[in-house]
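Written out below as C-alpha cells is the structure these notes cover.
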Amino acid sequence: MNNYNPYTLEGKTILITGATSGIGKATAIECTKLGAKVIITGRNEKRLKETNQELEGSNHISIAADITIEEELVNLVDNIPEIDGLVNVAGIVKTLPFQFINRTDLSNIFSTNFFSPVLLTQKIIKKKKLNKEGSIVFISSIDGPVTAHIGNSMYSASKGAISAISKNMAVDLAVKKIRVNSICPGMTETPLIHSDGITQEQLIEDMRLYPLKRYGEPKEIAWAVIYYLSDASKWTTGSQLIIDGGFTLL
C-alpha cells in the first residue's frame, strides 16, 4: 500500500495546449511529476523548448503549432500518437467595454478560446487518437459561467461557450467512455493577467476581494487538471470545478 496513489498518471500520454506559459506550462510539469508522458504544444517555439527543459523524465514530445490556423491544427493531430488525455489551455483576453467591442476582436478571441480547442478535440476523436476511457479537460473561467467583470464581455462569452459545450460533449462522448470536464479558475498568476494594460496596483486591489486575499498559482489549477486526467475521476464527467479562492462565495 506504500505506493498507492489514485492520482498517478503512470502509463498515460497527455496532450497539453498553451504549454509555453502559465497554467499550460504548470500542467505539463506537474503531469510529468506523476509519471505522464506529455505532448506539449504552443505557438512560441523558444518558450516551448523552455517548458520542455523543466519536464521530469524523458521521451516527451514538443510540437510548435498555432491551432487557430487550420493547416497547423491538422498537422498537430496527424503527428501525435494515441493519447489518454487532452488538456485545452490556450487562451487570450482583451479588456474592452462592451460598447467598443468589434467583430475583429470578437472573432480573434473566439477563434483562440472556443473554435480552436473544440475543433482540435473533434479532430482527435475523429482520427481515433484518444484512447477508450480517455479524459478531456477544458480550462474555462469563473468569468462567463459564473461571474462578470467590467470590460470582459468578449472573454466571458468565449468561456461561457466552452463551459456549455463541454457539458454537451460529456453526454455525446459518454458512449465511448470518454470523460469531458472543465475547470473555472478565478484570477491566477499568469502572464495573461499582465498583458492587457492592467496595473500592479489594480491587481493588488482586486486581490482584496478574494476571501483568501491572493490569486491562485498555476500549479494549483494543474493539480485539479490532474484529478480529471487520473483514474481518481473515472466516474466524473460533465462537471465544472470552480477554483477561485472563495471569490464566488461573496
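Brief remarks follow.
- Inside region 204-222, residues that are assigned to a helix (DSSP H, G or I) and at pLDDT below 95 make up a count of 4.
- Selection status of ALA157, among the aliphatic types (A, V, I, L, M), modelled with pLDDT of 95 or more and closer than 30 Å to LEU203 by Cβ: yes
- Condition check for THR51: free of Cβ contacts under 8 Å to residues at least 12 places away in the same chain, polar (S, T, N, Q) and assigned to a helix (DSSP H, G or I): no
- Taking residues in region 209-235 that are over 17 Å from LEU192 (Cβ atoms) and of a type outside the set (A, V, I, L, M, F, W, C), and partners anywhere that are open to solvent by 40 Å² or more (accessible area, probe 1.4 Å) and assigned to a strand (DSSP E or B), the pairs with Cβ atoms closer than 9 Å and at least 6 places apart or on different chains are TYR227/LEU241; TYR228/LEU241; ASP231/GLU133; LYS234/GLU133.
- Total residues in region 194-203, condition part of a helix (DSSP H, G or I) and not charged (D, E, K, R): 4
- Considering only residues in region 148-167 that are in contact with a strand residue (DSSP E or B) (Cβ under 9 Å, 6 or more places away or on another chain) and of a type in the set (S, T, N, Q), the one that is surrounded by the most Cβ atoms within 10 Å (Cβ to Cβ) turns out to be SER166.
- Residue match in region 193-210 (condition: open to solvent by less than 50 Å² (accessible area, probe 1.4 Å) and in contact with a Pro (Cβ under 8 Å, 6 or more places away or on another chain)): no
The values are calculated or read from the model by the stated rules, or taken from the named source; none is laboratory data. The structure displayed is predicted, hence computed values, not measured ones. Positions of Cβ are backbone-derived with ideal geometry, glycine not excepted, and every protein chain shown enters the neighbour counts. Remember, those area values only see protein heavy atoms, side chains included, never the ligands or the DNA or RNA. Shrake-Rupley method; radii C 1.70, N 1.55, O 1.52, S 1.80 Å.
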